[in-house]
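All remarks here apply to the structure that follows.
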Amino acid sequence: MDEDRLALSALEWLHAQRRWFDPCYWEEYLPARRFRPGPLLELIVLLRCVSRGPYAQYARALTESGFALAESVCRWKSFRQGLQRWDETFPYFAYFTAVLEAAGRDAGPALDAVETALALGCGDVSAADRPALTRLELAYVTDLGGFSTVPVEWSDAVELYRTSIAGTRDNTLFMRDDEAYALTHVLFYLSDFGSRALPLPAPVEADRVRDQVSVLLGSCLARDDLDLAGEFLLCAETLGSADDPLVAHGWHRLAAAQHDDGAVPSPLYNPHTAAMLEGAKRSAYLFGTCFHTTMVAIMASSERRRHAR
């Protein structure tokens, strides 16, 4: 399967649709998000990951426009106000700022605002009774952004893994989608989306996690959930499972599902619904139901090609 063709056409589609990452444009046609620049956060996470792989040169124009928009959003009054609420969205504000900092971009006053929030306790989101994934995410974010105040030490990552869904759940076959997403993100944060080895407590643990990922990948493919399947394909690359026949089958499924324009549909996409829409409404529907799966496919492709070098 030609991952290059899949990834490069997907990047072209994202670049052509880049206006939708502007929260103001998004909200003209699509439901507002709890964290308004959520899709933009997902884009800059992708762009940072792609920048270290073989597709960096092909993503250059999208990288410049995406990070320029993110730098602008960081200076919005509503962004600063959101940072000061210290509610359940705070980790996303911190994450957004950290990605800009890690990419060498200018987060402006948001950087100091995050530092202040962390120093003051940031709504106690790092408390011991918070979910392990929340605390692991905050550890990852503060390490990524190089913040001086670290409420959860990254050195505790292995212990956070032990208490997470990845470290405690053995029966993965009946996981809910939100639980499966949580498992993928534990592995993403621990490995920085595939850039470093997973700090697992013992070699035998790697075999157990590989089994988890394989079972969940098979389950996703069986029910045509290419969004989660793409996330598990990225996990498989992180775990060194690239030669697994099920992984190869997953890549063929992604390639077969990709639209001619480069988009990869999520389970929310319905071709009959799309056919009944026109103009901006149709474009909004296509973007809203395809953008995340398309980005996951690019990220997994980039890591697959990078690891194969």
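A Gaussian network model of the chain, with springs between Cα atoms under 10 Å, assigns the largest mean-square fluctuation among 104, 279, 66 to 279. Here the chain has 51 percent of its accessible surface on carbon and sulfur atoms, given a 1.4 Å probe and all protein chains in place.
Taking every alpha-carbon pair in the range 1-148 and binning the separations at 5 Å intervals from zero gives 2, 9, 19, 21, 18, 14, 10, 5, 2, 0, 0 percent.
A DSSP coil position with no more than 12 other Cβ atoms inside 10 Å describes the following trypsin sites (Lys or Arg not before Pro) in the range 160-197: 176, 196. Evaluated at q = 0.16 Å⁻¹, the base-10 log of the normalised Debye intensity for the chain, with identical point scatterers placed on the Cα atoms, takes the values -1.46. Taking the Cα centre of the chain as origin and assigning +1 to Lys and Arg Cβ atoms and -1 to Asp and Glu Cβ atoms, the resulting dipole is close to 520 debye.
Separation of the range 252-309 from the range 94-122 is 31 Å, based on Cα centroids. Per-residue packing, averaged as other Cβ atoms within 10 Å, sorts the ranges 77-83, 90-96 into the order 90-96, 77-83, beginning with the highest.
Per residue of the chain, what 222 nm ellipticity follows from adding -39500 (n - 2.57) for every DSSP H run with n ≥ 4, rounded to the nearest 500? Calculated from helices alone, the mean residue ellipticity at 222 nm is -20500 deg cm²/dmol. At q = 0.12, 0.22 Å⁻¹, what log₁₀ I(q)/I(0) does a Debye calculation on the Cα points of the range 137-203 give, no solvent, two decimals? Normalising to I(0) and taking log10 leaves -0.32, -0.97. Each principal axis of the Cα cloud of the range 63-200 was taken in turn, and the coordinate range along them, longest first, works out to 45, 33, 27 Å.
Taking label points 7 Å from Cα along the Cα-to-Cβ direction, residue 261 and residue 25 give a separation of 1.3 nm.
Kirkwood Rh, Cα Rg: Rg to Rh for the range 182-309? Using Cα coordinates only, the ratio equals 1.03.
Judged by the mean number of other Cβ atoms found within 10 Å, the most tightly packed of the peptides 182-189, 297-304, 17-24 leads the ranking 297-304, 182-189, 17-24. Candidates 122, 235, 187 compared by Cα position along the dipole of the chain: farthest toward the positive end lies 122, with charges placed on Cβ. Here, P(r) means the percent of Cα pairs in each 10 Å bin from 0 to the largest distance; for the range 1-85 it is 16, 46, 27, 10, 1. Packing here is the average count of other Cβ atoms within 10 Å per residue, and on that basis the peptides 264-272, 108-116, highest first, run 108-116, 264-272. Quick check on the range 163-242: take the gyration tensor over C-alpha atoms, sort the square-rooted eigenvalues as a ≥ b ≥ c, and tell me if it's rounded (a/c under 1.5), prolate or oblate. Here the range 163-242 falls in the prolate category.
The values are calculated or read from the model by the stated rules, or taken from the named source; none is laboratory data. All values reported here derive from a predicted model rather than from experimental measurement. Please note: Cβ atoms are built from the backbone with ideal geometry, for glycine as well, and neighbour counts cover all protein chains shown. Heavy atoms of the whole protein, side chains included, go into the accessibility calculation; ligands, DNA and RNA do not. Shrake-Rupley method; radii C 1.70, N 1.55, O 1.52, S 1.80 Å.
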